[in-house]
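Worksheet: the structure to be examined is printed underneath.
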């Protein structure tokens, strides 16, 4: 109780003074803080894995424990099948056995070359862009967030929220971006998720003069920048502000995107926020 009280008051009073009047050794307090930080980090990481398991289950209800484990590992979550089984049991998730059926008229896949090759630096805005989708749970509901990020200044230039992880979500995100920017000649990089390999997605990029780019299969580091952004979003906002409705989620996302683009300073950007950095270089 004393440790928590000190942590609560440390912004208003010197920590050394608080420790002195509570007869707590500095080493004990900072050890407690480190333990708390590790516990929060572990909880956030497990929640992130839970959301990915739920997202995989929604997209592929036929997947059982082994295939969900493989999918997680391919996306950079190093976890064994026993842990996946435990989480699936806690979440009351199990595979749905379904009859195989023939698919007619399915659009052929289009795989782009990897134009970035992990070179995440851009000489100017709107040259190299990355995009991806993450999963967000709100109570019993599940949402999909799609974003496009500019590698020049890490700015989030477009985002879209939906209850469905489908082609429309991806195309709407692209359309939102093209309404604000001159995108001709830009590279738009993604993983090989099914939406990003459909012919209709390729056609939309060609219509805007955008050059598509894909990560190699199972190489999450090929799209590390946008994965890093999702991690910041969840640990800095979503895990703290527990949204209880879609309206609250939308407002929370709008608040964070504004904070991230206009206020959140980054070392890579010479301690400027993304839009501040873009304006400074344009001046």
Could you tell me which residue of the range 266-283 is surrounded by the fewest Cβ atoms within 10 Å (Cβ to Cβ), considering only residues that are in contact with a helix residue (DSSP H, G or I) (Cβ under 8 Å, 6 or more places away or on another chain) and outside any helix (DSSP H, G or I)? 270
The range 235-253, subset part of a helix (DSSP H, G or I) and touching a helix residue (DSSP H, G or I) at 6+ places or on another chain (Cβ under 9 Å), residue surrounded by the most Cβ atoms within 10 Å (Cβ to Cβ): 238
Given the conditions (1) under 30 Å from residue 133 (Cβ atoms); (2) free of Cβ contacts under 8 Å to residues at least 60 places away in the same chain; (3) touching a helix residue (DSSP H, G or I) at 6+ places or on another chain (Cβ under 8 Å), and given that residue 38 satisfies all but one, which numbered condition is not satisfied? (3)
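Scan 6, 40, 79, 68 and give me the residue that is modelled with pLDDT under 85 and within 30 Å of residue 230 (Cβ to Cβ).
Unique residue meeting the criteria: 40.
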Can you pull out every residue in the range 136-146 that is in a strand (DSSP E or B) and either under 13 Å from residue 238 (Cα atoms) or over 11 Å from the mean Cα position of the chain (by Cα) (or both)? 136, 137, 138, 141, 142, 143, 145
What's the number of the only condition in (1) at pLDDT 95 or above; (2) over 16 Å from the mean Cα position of the chain (by Cα) that residue 261 fails to meet? (2)
With respect to the numbered conditions (1) surrounded by fewer than 16 Cβ atoms within 10 Å (Cβ to Cβ); (2) without any contact (Cβ under 8 Å) to a residue 40 or more places away in the chain; (3) in contact with a helix residue (DSSP H, G or I) (Cβ under 9 Å, 6 or more places away or on another chain), which one is the sole condition not fulfilled by residue 218? (2)
Could you go through the range 194-214 and let me know if any residue there is closer than 21 Å to residue 125 by Cα and within 18 Å of the chain's Cα centre (by Cα). yes
Within the bounds of the range 147-161, is there any residue that is in a helix (DSSP H, G or I) and either free of Cβ contacts under 8 Å to residues at least 60 places away in the same chain or farther than 26 Å from residue 250 by Cα (or both)? no
Subset of the range 162-190 that is in contact (Cβ under 8 Å) with a residue 60 or more places away in the chain and assigned to a loop (DSSP other than H, G, I, E, B) - its residue that is farthest from residue 260 (Cα to Cα): 165
Is one or more of the residues making up the range 254-261 surrounded by 14 or more Cβ atoms within 10 Å (Cβ to Cβ) and within 23 Å of residue 119 (Cα to Cα)? yes
Go through the range 179-189 and count every residue that is modelled with pLDDT of 95 or more and in contact with a helix residue (DSSP H, G or I) (Cβ under 9 Å, 6 or more places away or on another chain). 3
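The values are calculated or read from the model by the stated rules, or taken from the named source; none is laboratory data. Keep in mind that what you see is a predicted model, and the values were worked out from it rather than measured. Cβ: placed from backbone, ideal geometry, glycine included. Neighbour counts: every protein chain shown.
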